[in-house]
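Working notes for the structure below.
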Amino acid sequence: MKKFFILMVQNTNTTHSPSILAKLGYDKQLNEDLRVRLTGSLYHNANLGNANIYSANRSGFGYWGILNNNAYKNTITKTDANGTVISTTTTDVPTSFSKTSTPEATFNPNFKNWATTYMINPFVKYKGLEFFGTIELASGGDKAGTDDKRTANQYASELIYRFGGTEQFYIGGKYNTVSGKLSNADAKKVTVDKFEASAGWFMTKNILAKLNYVNQKYKDYSQFVGDPATGNVNNFYGGKFEGIVFEATIAF
């Protein structure tokens, strides 16, 4: 039986508050075939400029260049009630792809001023069958300069079956959904749903080769960024991507 508690304080400086990370867990091998684990964690920062826990890419997002746009010219024509052209304006829209920034296709609630998140992760392993779940309840400041609360929630479930003499092979599936308002002024929450199926082979303890199928959809995003009358097209509006990805990883 394992019980553990971790408390960490980091990122202390004269501009922002320290981030607090706490984790509590229970882990037990009930018998030769059955293991259970339940963990809960807390992240909190009372004063920050940007919640980069969501805007950074430390988790290793695997789908780059998705829902990005190349540079283009956006021409907007305004007409009166009779259809007569009043004005035409053209705006140069830069590419949204950057190899050094967060991938465009990720969900970022973009909390400002403060952020708090609670996460619960159940895990059950019976012989070669594993279940892992995620419940994340996050909240933070609506925008810079205000402490008005805004929320975003994530739920995920993953089922994997491991087999082979050393369980070096696996097949599995995962469903993940996240939703929340990007601004309290928005009329509706946006939602991102992802289904993923995977098969993998641990060639050694450190080398993994895997084949994934992914289907990800974006719902209830606005058609334009900013003011609809003058804004540029929102890349997430009606967004969807699916396909097959092969990956090979080496861990040290």
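The values are calculated or read from the model by the stated rules, or taken from the named source; none is laboratory data. Keep in mind the model is a prediction, meaning the values are calculated, not measured. Cβ sites come from the backbone with ideal geometry, for glycine too, and all protein chains shown count toward neighbours. Each accessible area value is taken on the protein alone, full model and side chains, heavy atoms only, with ligands, DNA and RNA left out. Shrake-Rupley method; radii C 1.70, N 1.55, O 1.52, S 1.80 Å.
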Qualifying residue in the range 175-190 (condition: open to solvent by less than 60 Å² (accessible area, probe 1.4 Å), under 30 Å from ASP33 (Cα atoms) and under 14 Å from the mean Cα position of the chain (by Cα)): yes
Qualifying positions in the range 65-82 - exposed (fewer than 10 other Cβ atoms within 10 Å of the Cβ), under 37 Å from the mean Cα position of the chain (by Cα) and not polar (S, T, N, Q): LYS73
For the range 161-174, name all the residues that are of a type outside the set (A, V, I, L, M, F, W, C) and open to solvent by 70 Å² or more (accessible area, probe 1.4 Å). TYR161, GLY165, THR166
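Among the residues in the range 95-106, are any open to solvent by 20 Å² or more (accessible area, probe 1.4 Å), farther than 24 Å from ASP186 by Cα, in contact with a Phe, Trp or Tyr (Cβ under 9 Å, 6 or more places away or on another chain) and not β-branched (Val, Ile, Thr)?
Within the range 95-106 (the criterion being open to solvent by 20 Å² or more (accessible area, probe 1.4 Å), farther than 24 Å from ASP186 by Cα, in contact with a Phe, Trp or Tyr (Cβ under 9 Å, 6 or more places away or on another chain) and not β-branched (Val, Ile, Thr)), the answer is yes, since at least one residue qualifies.
Tell me, which strands (runs of 3 or more DSSP E) lie completely within the range 151-252 with 1 or more residues that are in contact with a Leu (Cβ under 6 Å, 6 or more places away or on another chain)?
Answer list for the range 151-252: 169-180, 190-202, 240-250.
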Looking at (1) touching a residue at least 24 places away in the same chain (Cβ under 8 Å); (2) over 17 Å from GLY62 (Cα atoms); (3) surrounded by 12 or more Cβ atoms within 10 Å (Cβ to Cβ), find the lone condition where TYR237 falls short. (1)
